[in-house]
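Q: This is the structure I want to talk about, given as structure tokens.
The values are calculated or read from the model by the stated rules, or taken from the named source; none is laboratory data. Source: prediction; values computed, not measured. Cβ atoms come from the backbone with ideal geometry, glycine included; neighbour counts cover every protein chain shown.
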């Protein structure tokens, strides 16, 4: 069953890249405390994700954080090295936590899988954004067309905050 408003984020291991190397983190720890904006993309470096979705959050990170958000996090079904390289290429710095869901376990646990096998990409995540409070989904914006960024954009999040 897909993630909905009122659900608690599943407790699954994700990975982030630090200066010391890959670091496993629990989703409940990085997404379950305070007010968090989480957004998910089908794939790092893919056209819509790379040209529109992540850049919007990078450009508006300060404004989002100024509205009482404790953390902004991006998750994708990619390995930690790809997510680290993508974050560096996009200049996320310490404003956006880049989370690798390398095996798609978080995505499966949220029920937000997207079958892109016909494109040679396998199972990925739907494009969505969520506002979480202490790990509970307060608002959820699922993009009806994963090739576009409208309802799950940084602008939509700002309006909801």
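Q: Assess whether residue 161 counts as being surrounded by 14 or more Cβ atoms within 10 Å (Cβ to Cβ) and within 30 Å of residue 21 (Cβ to Cβ).
A: Considered against the rule, which asks whether it is surrounded by 14 or more Cβ atoms within 10 Å (Cβ to Cβ) and within 30 Å of residue 21 (Cβ to Cβ), residue 161 comes out as no.
Q: Pairs under 7 Å by beta carbon, first residue part of a loop (DSSP other than H, G, I, E, B) in region 10-26, partner surrounded by fewer than 17 Cβ atoms within 10 Å (Cβ to Cβ), six or more apart or different chains?
A: 10/109; 11/26; 11/28; 12/105; 12/109
Q: How many of the residues making up region 1-26 are within 18 Å of residue 84 (Cα to Cα) and out of contact with any helix residue (DSSP H, G or I) (no Cβ under 6 Å at 6 or more places or on another chain)? Steps first, answer last, please.
A: Here is the first cut: in region 1-26, the residues within 18 Å of residue 84 (Cα to Cα) are 13-26.
Still in the list and also out of contact with any helix residue (DSSP H, G or I) (no Cβ under 6 Å at 6 or more places or on another chain): 13, 16, 18-21, 23-26.
Residues meeting the conditions: 10.
Q: Pull up region 17-44, narrow it to residues that are within 12 Å of the chain's Cα centre (by Cα) and more than 23 Å from residue 67 (Cβ to Cβ), then point me to the one that is modelled with the highest pLDDT.
A: 42
Q: The conditions are (1) at pLDDT 85 or above; (2) at positive phi, and residue 122 fails exactly one of them. Which is it?
A: (1) is the only condition that residue 122 fails.
Q: Determine whether region 65-77 contains at least one residue that is under 19 Å from residue 153 (Cβ atoms), in contact (Cβ under 8 Å) with a residue 60 or more places away in the chain, out of contact with any helix residue (DSSP H, G or I) (no Cβ under 8 Å at 6 or more places or on another chain) and surrounded by 20 or more Cβ atoms within 10 Å (Cβ to Cβ).
A: no
Residue by residue, here is whether (1) touching a strand residue (DSSP E or B) at 6+ places or on another chain (Cβ under 7 Å); (2) part of a loop (DSSP other than H, G, I, E, B) holds:
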{"residue": "59", "(1), (2)": "no, no"}
{"residue": "64", "(1), (2)": "yes, no"}
{"residue": "67", "(1), (2)": "no, yes"}
{"residue": "88", "(1), (2)": "no, no"}
{"residue": "99", "(1), (2)": "yes, no"}
{"residue": "147", "(1), (2)": "no, yes"}
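Q: Does region 35-57 hold any residues that are touching a strand residue (DSSP E or B) at 6+ places or on another chain (Cβ under 7 Å) and either surrounded by fewer than 16 Cβ atoms within 10 Å (Cβ to Cβ) or farther than 18 Å from residue 143 by Cα (or both), and which are they?
A: Passing the criteria: 35, 36.
Q: Restricting the search to region 123-144, which residues are touching a residue at least 12 places away in the same chain (Cβ under 8 Å) and either surrounded by fewer than 17 Cβ atoms within 10 Å (Cβ to Cβ) or over 20 Å from residue 54 (Cβ atoms) (or both)?
A: 123, 133, 134, 135, 136, 137, 138, 139
Q: Quick one: count up the residues across region 101-119 that are in a helix (DSSP H, G or I), at pLDDT below 90 and either in contact with a strand residue (DSSP E or B) (Cβ under 8 Å, 6 or more places away or on another chain) or within 22 Å of residue 84 (Cβ to Cβ) (or both).
A: Qualifying residue count for the region: 1.
Q: Pairs needed: first member in region 78-98, within 13 Å of residue 23 (Cβ to Cβ); second member anywhere, in a helix (DSSP H, G or I); C-beta distance under 8 Å; at least 6 residues apart or different chains.
A: 97/30; 98/83; 98/84; 98/86; 98/87
Q: Given (1) under 26 Å from residue 5 (Cβ atoms); (2) surrounded by fewer than 16 Cβ atoms within 10 Å (Cβ to Cβ); (3) touching a helix residue (DSSP H, G or I) at 6+ places or on another chain (Cβ under 8 Å); (4) at pLDDT 95 or above, where does residue 147 come up short, assuming only one miss?
A: With respect to (1) under 26 Å from residue 5 (Cβ atoms); (2) surrounded by fewer than 16 Cβ atoms within 10 Å (Cβ to Cβ); (3) touching a helix residue (DSSP H, G or I) at 6+ places or on another chain (Cβ under 8 Å); (4) at pLDDT 95 or above, residue 147 is out only on (4).
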